[in-house]
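Everything below concerns the one structure shown next.
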Amino acid sequence: MGFTSYLNTSFDFDSETFETINKVVFDAFIPLRVGYRYQKPEGGFFFRIGYTPFFNVPVRAGKIWSFNPYWAGLSFGKSF
């Protein structure tokens, strides 16, 4: 579990003046990770698999908490 903040570019459209407005906004999310790692103590082949959903944090007015459950990872390697 962690906390990640970042700057994001937001494009808005003003329907009265037909102009686009480019804003840089602060966003954040909380990633979670549940996984399994197989690695022998003497080295050699290893692999890991993880499920990594995250929550979007409502740092601006008008945003709500949202959950994104669609991330996972798989890795293979060699340890020595």
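Any read-out appearing in this document is the output of simple, stated calculations on the displayed coordinates, not a laboratory observation. In this text the structure is predicted, and so the values were computed from the model without any measurement. Note: ideal-geometry Cβ built from the backbone for every residue, glycine included; neighbour counts use all protein chains shown.
Output yes when any residue across the stretch 15-27 is in a strand (DSSP E or B), under 16 Å from the mean Cα position of the chain (by Cα) and surrounded by 10 or more Cβ atoms within 10 Å (Cβ to Cβ), and no when none is.
The initial filter retains those residues of the stretch 15-27 that are in a strand (DSSP E or B), namely 19-27.
After this cut, where a residue has to be under 16 Å from the mean Cα position of the chain (by Cα) as well, the list is 26-27.
Cutting the leftovers down to surrounded by 10 or more Cβ atoms within 10 Å (Cβ to Cβ) gives us 26-27.
The answer is yes, given that some residue of the stretch 15-27 is in a strand (DSSP E or B), under 16 Å from the mean Cα position of the chain (by Cα) and surrounded by 10 or more Cβ atoms within 10 Å (Cβ to Cβ).
Among the residues of the stretch 28-66, those that are surrounded by 13 or more Cβ atoms within 10 Å (Cβ to Cβ) and among the small types (Gly, Ala, Ser) comprise Ala28, Gly35, Gly50. Of all residues in the stretch 28-80, exactly one satisfies the criterion of being in a loop (DSSP other than H, G, I, E, B), farther than 18 Å from Ser5 by Cα and touching a Lys or Arg at 6+ places or on another chain (Cβ under 9 Å), namely Gly43.
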